[in-house]
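Coordinate-derived values only; no laboratory data. Note that this is a predicted model, so its numbers are computed, not measured. Cβ placement follows ideal geometry from the backbone for every residue including glycine, while neighbour counts extend to all protein chains displayed.
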Amino acid sequence: MRDFEIIDPVFGTYVLGNAPLKQLATGFDWVEGPVWFGDAGCLLFSDIPNNRILRWTPGEGITTYRGDSKYSNGHTRDRQGRLISCEHLGRRVTRTEWDGTITVLADSFDGKPLNSPNDVIVASDGAVWFSDPHYGIMMDYEGARREQENACVVYRLDPDGSLEQVVTDMNCPNGLAFSPDESLLYVADTGRIWSDDPQHIRVYDMVDGRPTGGRLFAKPDVGIADGFRIDEDGNLWTSAGDGVHCFAPDGRLLGKVRVPETVSNVCFGGRAKHVLYITATTSVYSVALTRRGVQWP
Ligand code: MG
């Protein structure tokens with residue numbers, strides 16, 4: 001089990017000795033935003049500095065899904081299965097319609113442009129939740145340098161189109177996910193660039209549909225929690241500097257999937273949502289687990 005570090009014995013029942021970490025593709029610059037399309041039998045992900053969304057298809061490999069992706073970062077799918085994307089350069093969150101046209105869901109708040117939407121999820125009521133840190137406008141590598149005009153917060157976009165700031169006590173919110181019953185919201189704070197800001201995951205109680213009472217949940221002991229997903233037991237699988245860390249709902253580190261590159265994000269996919277797809281710096285990896293993902297899609 002050389003690909004795994006088992007800290008709590010339960011983690012040994014989540015991974016399989018005959019299901020090793022696999023490198024699916026490599027040669028990219030900084031990959032992010034994996035999202036599984038079981039209906040199309042493929043994984044989409046962003047290669048942010050190369051301004052493209054790529055498609056990995058089992059048995060076929062890599063093709064380009066979208067060039068000129070506006071330096072897209074995180075993705076998910078809405079309740080109708082449509083692709084929802086965060087764009088650094090576009091400074092917006094978009095939806096790709098069934099006919100391929102792109103609809104802008106949000107690009108400003110209070111009359112001023114968003115910073116650089118980073119990661120996104122969709123709740124069961126159809127609301128789109130996304131983080132808006134400043135990483136894509138602080139330098140040209142992952143977008144373009146621009147003036148910051150809004151705070152770094154988490155937004156909730158109601159199905160009626162209204163946009164609301166819902167997490168306002170972080171330096172730079174990043175990855176986010178709901179617990180399986182949506183009673184909790186997890187948000188990573190990865191801190192401002194060139195600062196000593198704390199870097200950790202916080203958890204909020206959902207009260208009347210809004211996050212309240214944020215508190216520290218967990219902090220990877222190597223690297224940062226950029227993006228994460230939740231499994232059917234409420235465990236949180238997060239990116240870290242040395243792989244993927246699995247935290248129990250009470251915040252205990254259960255174990256790690258060792259990855260030879262810094263991990264940026266993960267998603268569940270595959271036939272039964274039992275495969276964890278991992279974007280890690282220049283490569284995309286997968287590992288089959290005994291747990292299934294619960295996130296939508
Ligand atoms: Mg991120």
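List of remarks:
- The chain: Lys pairs at Cα distance under 22 angstrom, eight or more positions apart or on different chains: 5
- Gained length - R2 relative to N50, 0.36 nm times residue gap less alpha-carbon distance: 14.0 nm
- In sequence order, calculated HN-Hα J values of segment 71-80 (Karplus, 6.51, -1.76, 1.60; Hz; x Gly/Pro): 6, 5, 10, x, 9, 7, 10, 7, 5, 9
- In this calculation the C-beta distance from D197 to T282 is compared with R0 = 35 Å, giving a FRET efficiency of 0.85.
- Binning all Cα-Cα separations of the chain at 10 Å, short to long from zero, yields these whole-percent fractions: 7, 32, 39, 20, 3, 0.
- Placing unit charges on the Cβ atoms of the charged side chains and taking the dipole of the chain about its Cα centre, the candidate lying farthest along the positive direction among H75, S108, I6 is I6.
- Highest average packing first - 28-36, 148-156, Cβ atoms within 10 Å: 28-36, 148-156
- In Hz, Karplus ³J(HN,Hα) per residue of segment 6-16 (6.51, -1.76, 1.60; θ = phi - 60°; x = Gly, Pro): 9, 9, 10, x, 4, 5, x, 8, 8, 10, 10
- Here the spin labels are modelled as points 7 Å beyond Cα on the Cα-Cβ line, and at S108 and T63 they lie 3.8 nm apart.
- The antiparallel fraction among DSSP beta bridges confined to the chain stands at about 100%.
- What you get for the chain, charging only the Cβ of Lys and Arg (+1) and of Asp and Glu (-1), is a dipole of about 640 debye around the Cα centre.
- Burial order of peptide ranges 234-245, 163-174 (average beta-carbon count within 10 Å, highest first): 234-245, 163-174
- Cut-off under 5 Å, modelled amide H: who pairs with H88 long-range: S72, N73
- For segment 169-297, with +1 on Lys and Arg beta carbons and -1 on Asp and Glu, the positive-most of C267, L236, A248 along the dipole: C267
- The spacing between segment 153-227 and segment 1-64, judged by their C-alpha centroids, is 24 Å.
- Residues whose amide H comes within less than 5 Å of that of V167, counting only those at least five positions distant or on another chain, are V154 (H built at 1.01 Å from N in the peptide plane).
- Computed on the chain, with alpha-carbon pairs under 8 angstrom and 6+ residues apart, the relative contact order is 18 percent.
- Phi-based couplings in Hz for segment 102-119 (Karplus 6.51, -1.76, 1.60; Gly and Pro marked x): 10, 10, 7, 8, 7, 9, 7, 9, 6, x, 10, x, 4, 6, 6, x, 10, 9
- Sorting the segments 14-23, 246-255 by their residues' average number of neighbouring beta-carbon atoms within 10 angstrom, most packed first, yields 246-255, 14-23.
- Comparing mean-square fluctuations of K219, K256, K112 from a GNM of the chain with C-alpha springs under 10 Å, the top value falls on K112.
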